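Everything on this sheet refers to the single structure shown next.
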Amino acid sequence: MFRSRGTAIAAVAGLGVSLLIAAPAGAAETTTLTVHYYSATGSDGDLEALTLGGAAPTAMSTDEDSFGTVAEFAFAGEHDRLGVRASGDSRFPEDLRYVEATDGAAEVWLIDGDARAYGAPQTLDADDVTTSDRKAFIAVEDLTDVLDLTYSYGRNGYVFDGAPADTLDILTIFRNRDYYEIAVDTNRIGQNVTGNMISYWLSEDYVFSDIDGYSEGGEYYLSFGAIEWLFQVRTLIHSGDALVLTPQFVAHDELTTADPAAVGFDPVELASLDDWIQDQVDAGGPAVGVVVTKDGKVVKNDAYGYALRYSTGVDEAGDLTPAELLPESEWEPATTDTLFDLASNSKMYATNYAIQRLVSEGRLDLDATVASFPGWEDFTDANSDYTGKWTVGGAGGITAVHTGKETVTVRDLLHHEGGLIPDPEYPNRASAGDLWYQTDDPDDRAGIIDAISRTPLMYAPRTRFAYSDVDFMILGLLVEQITGERLDVYLENEFYGPLGLEATTFRPLASGFAPEEVAATELNGNTRDGNVSFGTLPNGDPVPMRHYTLQGEVHDEKAFYSMAGVAGHAGLFSTTGDMAVLTQLMLNRGSYGGEQYFDADVADEFTTPHAVGGGNADSSTIALGWRVHSKNAAAYYYFNWGPSRETYGHQGWTGTLTIIDPLHQLTITILTNMRHSPVTSPPNGFAGANYAVADLVPISARVYRALTGESVQFTPAASVAAVADVTVAHGTSLEDAIGALASSTTLTDADGGEWDVALSWELPGYDGRSAGDYEAIGTFDLPDGITPGEPAISTEVRATVTVADEPTAPTDEPTDPTDPTDEPTDGAQDAGGTSDAGGTDGAAGTDGTDGTDGSDGTDGTDATGGTGSADSIGSADGTIPPTGDASEPLPSTGASAGAAALLATLVAAAGAAVLLGRRHRVITRR
């Protein structure tokens with residue numbers, strides 16, 4: 001990795017010079033990365049850069065602009081993603097962020113302490129910005145171009161926050177796929193409100209909330225904090241300007257943990273979720289695992305309740321007894337290491353990932369028909385078998401014979417519009433008839449391919465959306481055929497292993513996990529507490545069926561009985577921690593840990609809403625496999641109450657939900673075992689589903705409710721620390737006298753924050769040859785976001801510079817210059833070494849001894865002693881030795897005079913460099 005060292009950048013930038021490492025001669029085409037870095041402390045971020053493959057840049061240069069530090073890195077060859085790390089960042093020094101290059105170049109704006117990456121800042125018109133109570137406000141009408149939004153005023157068309165229809169003045173803001181309705185007189189807001197949202201959970205205050213704004217003069221003003229919260233942009237007060245920065249795509253290389261407040265959460269509000277879930281558990285609700293990531297940071301990863309509370313038993317005769325509630329002492333607690341049955345989330349984090357990779361590699365054509373794959377030649381209309389409940393007019397719901405199986409493509413299956421039966425119930429002989437099939441061999445696929453090939457259509461292909469397990473059973477089997485590996489083996493080799501996931505697997509019990517490491521599901525096998533049977537075999541025996549409590553085995557019947565636990569539609573188990581990585585991989589659009597698992601454009605294609613049956617894509621909730629939030633319809637139920645309309649993810653029947661929200665750069669995974677409870681409404685009504693937590697959306701709603709924006713832009717200054725007086729030697733030059741003064745002082749703001757502010761000194765009337773006191777005046781600039789306060793503090797400090805009396809001439813007899821015992825006296829130094837901050841990193845003295853009250857210079861060189869004050873050039877008595885025009889020349893003759901002059905010049909230059917460095921010191925937040 002190539003690092004832009006902080007000290008080198010500061011020195012070069014201070015001189016207004018660019019440091020350039022030339023690219024090798026004859027270098028091939030290059031890709032460039034330009035990084036702009038802002039810090040309120042003036043830090044340059046200590047920027048580093050590399051390619052996704054780990055290659056270092058061939059060249060880099062640094063400079064400064066009005067935003068802050070600018071570093072440009074050049075890389076040999078073409079690269080789609082380039083990584084940057086600000087190792088000097090005050091909050092996220094380890095965060096490696098990848099941005100995308102277009103036409104050979106990428107440019108990004110970073111802010112110290114902010115994990116996101118931005119496009120070029122836009123400056124708001126100062127006349128449009130108002131201030132009140134330490135906050136900045138701007139009218140929505142003045143944000144249309146800056147944020148690419150539109151708006152309209154009208155009346156509420158439904159019961160808005162309890163107010164009857166047509167009783168409130170409403171401002172509606174439209175931006176991208178999202179919309180926001182604000183009651184301008186009550187300052188209440190509803191975001192992406194749908195019929196579902198005002199029909200369910202309305203009493204929990206998940207739908208409407210306060211907005212920091214006000215109406216005036218026919219316009220509505222939003223605080224900068226509200227703008228950040230609503231639109232997920234960044235506002236910044238910088239050098240007197242009000243800036244707005246819009247995030248650009250960034251892939252966080254690996255997840256790390258962070259304080260929720262560091263990425264925009266109210267920690268207290270987020271923590272309140274713990275109490276709410278625990279109350280549900282205490283009342284008898286299911287086990288729950290929740291993990292939340294934002295901006296590449298895990299901000300919450302917790303588990304609640306019990307992985308096992310019920311279990312079947314064995315009587316004295318060795319026969320299985322029905323499940324009962326165990327004594328509380330035998331309940332098994334759920335932890336963040338507990339594996340949960342993902343159910344249909346397997347479709348995404350197993351099958352969809354495999355397909356996205358194969359498409360990226362050019363090994364799978366989405367428009368290939370199922371019948372074109374080897375072994376699927378019988379996937380035809382002619383081979384369809386109308387049997388069991390799957391007869392025309394039968395209990396299964398087939399209303400007519402539909403044709404077109406030969407035309408069904410991989411893309412149709414991903415869109416769930418292939419027309420296939422959602423659940424043919426292959427393990428249930430009473431329902432499936434001649435389509436019945438069971439096996440306990442996960443490597444035996446011929447039987448299930450035959451059963452699927454003979455399954456009739458329920459609808460004509462591409463005419464309607466019909467969510468179907470069979471679609472993903474086929475897709476998982478196609479992955480196996482293309483790769484030559486069983487689905488679980490392929491995923492372990494290509495995804496889970498390289499990602500470092502140790503608890504994501506099919507068939508946990510066969511993979512080394514004990515039952516107690518897995519959350520249990522149904523109490524009495526798949527019998528629904530005795531309410532379901534699979535029928536009988538031709539010999540009269542019952543069809544094989546589990547009757548024991550399920551723990552460590554996939555609940556889904558088709559996955560367990562017909563595909564031996566490894567299936568494309570169900571069967572994957574995982575933990576909250578592993579799921580955080582799997583969801584981040586998708587949010588990263590295919591990359592994680594320095595590896596690209598599938599292409600970004602493939603990730604985009606797979607999350608693009610699809611117009612089912614030629615309808616309107618804006619009302620669609622399906623993409624290629626992924627469930628998506630619709631733009632203008634009732635929307636996918638589980639993506640209401642907070643998520644943006646860019647959100648995608650999936651839900652699973654066992655009580656699991658994944659939410660991936662690109663606008664908020666946020667993922668939520670909720671894992672429950674709500675089916676681990678008695679059946680109260682046969683066949684599929686479980687007691688665990690009656691708890692609010694089992695609905696899942698109250699959890700995600702509370703996560704979104706905890707998001708906030710920076711509410712205060714201005715903080716008044718409270719005080720400025722006094723600056724120490726200094727004494728300098730008689731004959732000290734003006735420049736050296738100013739150099740003896742403190743280069744900075746401490747400003748304390750009204751919130752108790754401390755800032756180092758650089759001082760610029762003037763010393764009117766100073767004469768180094770005239771002993772006495774001189775008043776020095778130091779001025780400083782207020783840091784960004786700091787106001788003068790009431791009453792306004794002065795931005796000047798004063799100090800006294802005292803010029804010492806002229807020393808008397810020495811009376812001692814001169815010593816023999818050839819006498820080897822004639823060493824410099826204590827505190828003296830040949831050629832006058834300098835000492836920064838009381839001797840640290842002092843310049844080398846020639847055979848000098850340590851000065852009094854000073855400290856040794858580093859690297860073994862002696863430094864002239866000083867008073868110990870910051871940034872001083874010291875002598876043994878604490879005064880400044882005369883230099884320049886006010887000092888006497890060193891005695892020299894002949895060639896030695898030239899050498900002495902050269903040495904004096906070098907020392908003077910070193911001193912000037914130190915002073916130059918002081919003049920470029922910047923405001924530092926302590």
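The values are calculated or read from the model by the stated rules, or taken from the named source; none is laboratory data. As the structure is a computational prediction, the values presented were derived from the model and not from experiment. Glycine gets a Cβ as well: all are built from the backbone with ideal geometry, and neighbour counts include every protein chain shown. What goes into the accessible areas is simple: the full protein's heavy atoms, side chains included, and nothing from ligands, DNA or RNA. Shrake-Rupley method; radii C 1.70, N 1.55, O 1.52, S 1.80 Å.
Taking θ = phi - 60°, what integer Hz values does the Karplus form 6.51 cos²θ - 1.76 cosθ + 1.60 yield along region 236-249, in sequence order, with x for Gly and Pro?
Along region 236-249, the couplings run 8, 8, 9, 6, x, 9, 9, 10, 10, 10, 9, x, 10, 4 Hz.
Under Stokes-Einstein, with the Kirkwood radius over Cα pairs standing in for Rh, what whole-number D in µm²/s applies to region 340-706 at 37 °C and 0.692 mPa s?
Values: Rh = 20.8 Å.
This corresponds to a translational diffusion coefficient of 157 µm²/s.
Going by average Cβ neighbours within 10 Å, how do the peptides 770-776, 274-280 rank, with the highest at the top?
Numbers: 770-776: 14.4, 274-280: 16.0.
Result, highest mean Cβ count within 10 Å first: 274-280, 770-776.
Starting at the first residue of region 643-650, write each ³J(HN,Hα) from the Karplus equation 6.51 cos²θ - 1.76 cosθ + 1.60 with θ = phi - 60°, in whole Hz, x for Gly and Pro.
x, 5, 7, 8, 6, 9, x, 6
Taking the solvent-accessible surface of protein heavy atoms with a 1.4 Å probe, what is the per residue accessible area of region 403-552 in Å²?
Details: 5300 Å² over 150 residues.
The answer is 35 Å² per residue.
What span do the alpha-carbon atoms of region 491-552 cover on each of the three principal axes, reported in whole Å from largest to smallest?
Per principal axis, max minus min of the Cα coordinates gives 48, 25, 16 Å.
How do 502, 78, 494, 48 stack up against each other in accessible area, from largest to smallest, with a 1.4 angstrom probe?
Numbers: 502 165, 78 140, 494 50, 48 5 Å².
Result, largest first: 502, 78, 494, 48.
Enumerate the calculated ³J(HN,Hα) couplings along region 370-385 in order (Karplus 6.51 cos²θ - 1.76 cosθ + 1.60, θ = phi - 60°), each rounded to whole Hz, writing x wherever the residue is Gly or Pro.
4, 5, 7, 8, x, x, 10, 5, 8, 7, 9, 5, 5, 8, 5, 10
What ratio of Cα Rg to 2.2 N^0.38 Å holds for region 122-248?
Working: Rg = 15.1 Å, N = 127, 2.2 N^0.38 = 13.9 Å.
Working it through for region 122-248, the quotient is 1.09.
Could you sort 223-231, 789-797 so that the peptide with the highest average Cβ count within 10 Å comes first and the rest follow in order?
223-231, 789-797
Send over a whole-number figure in Å² for the accessible area per residue of region 122-248, probe 1.4 Å.
Accessible surface, normalised per residue, equals 43 Å².
Express the carbon and sulfur contribution to the solvent-accessible surface of region 122-248 as a percent, rounded to the nearest whole number, probe 1.4 angstrom. Intermediate values should be presented prior to the final figure.
Values: 2410 of 5520 Å².
Whole-percent figure for carbon plus sulfur exposure: 44.
Rounded to a whole number, what is D in µm²/s for region 326-451 from Stokes-Einstein with the Kirkwood radius over alpha-carbon pairs (10 °C, 1.306 mPa s)?
On the way: Rh = 17.6 Å.
Translational D for this selection: 90 µm²/s.
Probe radius 1.4 Å, ligands and nucleic acids ignored: give me the carbon and sulfur share of the accessible area of region 598-702 as a rounded percent. The partial results should precede the final answer.
Values: 1280 of 2730 Å².
Ligands and nucleic acids excluded, carbon and sulfur reach 47 percent.
Size of region 718-803 along its principal axes in angstrom, Cα-based, largest extent first?
45, 20, 16
Any idea what the relative contact order of region 340-706 is, in percent, if you count C-alpha pairs under 8 Å spaced at least 6 apart? Present the calculation step by step, with values, prior to reporting the outcome.
Working: 767 pairs, mean separation 71.1, N = 367.
About 19 percent, as a whole number.
Residue farthest toward the positive end of the dipole of region 214-355, with Cβ of Lys/Arg at +1 and Asp/Glu at -1: which of 349, 267, 232?
After comparing all options, I get 232.
Amide H neighbours of residue 728 under 5 Å, counting only residues 5+ apart in sequence or on other chains, H built in-plane at 1.01 Å?
Under 5 Å from the amide H of residue 728: 802, 803, 804, 880.
Within 10 Å, count the other beta carbons around each residue, average over each peptide in 574-586, 125-137, and list them highest first. Write down the numbers at each step before the final one.
Details: 574-586: 24.5, 125-137: 14.1.
Final packing ranking: 574-586, 125-137.
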